[in-house]
Amino acid sequence: MTTVFKLADKVAAFKAKLELWGRRVNRGSLDVFQTLAGILGETVPEHSFSQSVHDHLSLLLKEFERYFPTKKDPRTGKEWIRDPFVNKSGESSMSVQEDQLLEIANDGGMKTTFETTTLPVFWIKVMAEYPEIATRALKFPPTYLCEAGFSAMTSTKKTAE
């Protein structure tokens, strides 16, 4: 199941790849672009061509940073949602729910449930025993629910017009 965390991981990985590719192009290596490398064959591209590719990658990275700013990473301070069993006491931004998080982290049955279900299903099961912390965790729904809600809102708006 796709979650906000998985998507944020993918965006961060792609931004890191863009940086890596830019460094490789600066060194004159275009091997990360297999089709382009195949077309160029054994010829060494001119510096201006490599510079154009590098500039394009830099602009693409800036655009990704504009749409997905590192400063607004949805994972920041919420890693306990992804894995409540590695959270260190005192590192979360919660005070009231921290006791519940410690109870969950030390519950063997919860750990088994966590390992055998998807993340949203895990937090739904936690809801019965720890409603406060589960409610906070479930504020980060799967993207399907976000997309479904957006589609419903869009169709409602179109109907109203």
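Kindly check whether there is at least one residue in the range 133-147 that is in contact with a Pro (Cβ under 9 Å, 6 or more places away or on another chain), surrounded by 12 or more Cβ atoms within 10 Å (Cβ to Cβ), at pLDDT 85 or above and in a helix (DSSP H, G or I).
No, the conditions are met nowhere in the range 133-147.
Collect the residues in the range 60-98 that are over 17 Å from VAL4 (Cβ atoms) and at pLDDT 80 or above, keeping them in residue-number order.
Residues satisfying the conditions are LEU60, LEU61, LYS62, GLU63, GLU65, ARG66.
Do you know which residues across the range 5-38 are among the hydroxyl-bearing types (Ser, Thr, Tyr) and loosely packed, with under 13 Cβ neighbours inside 10 Å?
Listed by number, the list holds a single entry, THR35.
Quick test for you: out of GLU161, GLU103, pick the one residue that is surrounded by 11 or more Cβ atoms within 10 Å (Cβ to Cβ), modelled with pLDDT under 85, more than 24 Å from THR2 (Cβ to Cβ) and not β-branched (Val, Ile, Thr). Before the answer, list the steps.
Numbers: GLU161 fails: surrounded by 11 or more Cβ atoms within 10 Å (Cβ to Cβ).
Testing whether each residue is surrounded by 11 or more Cβ atoms within 10 Å (Cβ to Cβ), modelled with pLDDT under 85, more than 24 Å from THR2 (Cβ to Cβ) and not β-branched (Val, Ile, Thr) leaves just GLU103.
If GLY41 satisfies all but one of (1) surrounded by fewer than 17 Cβ atoms within 10 Å (Cβ to Cβ); (2) at pLDDT 80 or above, what's the number of the condition it fails?
All conditions pass for GLY41, except number (2).
Consider the range 5-53. How many of its residues are basic (Lys, Arg) and in contact with a helix residue (DSSP H, G or I) (Cβ under 6 Å, 6 or more places away or on another chain)?
Of the residues in the range 5-53, 1 are basic (Lys, Arg) and in contact with a helix residue (DSSP H, G or I) (Cβ under 6 Å, 6 or more places away or on another chain).
Checking GLY77 against (1) touching a residue at least 12 places away in the same chain (Cβ under 8 Å); (2) surrounded by 13 or more Cβ atoms within 10 Å (Cβ to Cβ); (3) among the small types (Gly, Ala, Ser), which single condition isn't satisfied?
Just one mismatch for GLY77, condition (2).
I need a count of the residues in the range 1-55 that are without any contact (Cβ under 8 Å) to a residue 60 or more places away in the chain, small (Gly, Ala, Ser) and assigned to a helix (DSSP H, G or I).
Going through the range 1-55 one residue at a time, the tally reaches 8.
Looking at PHE85, PHE49 in this structure, which one is of a type outside the set (Asp, Glu), within 20 Å of the chain's Cα centre (by Cα) and surrounded by 13 or more Cβ atoms within 10 Å (Cβ to Cβ)?
So the residue among PHE85, PHE49 that is of a type outside the set (Asp, Glu), within 20 Å of the chain's Cα centre (by Cα) and surrounded by 13 or more Cβ atoms within 10 Å (Cβ to Cβ) is PHE85.
The values are calculated or read from the model by the stated rules, or taken from the named source; none is laboratory data. Note that the coordinates shown come from a computational prediction; the quantities given were computed from them, not determined experimentally. When we count neighbours, we look across all protein chains shown, and the Cβ atoms used for this are built from the backbone with ideal geometry, even at glycine.
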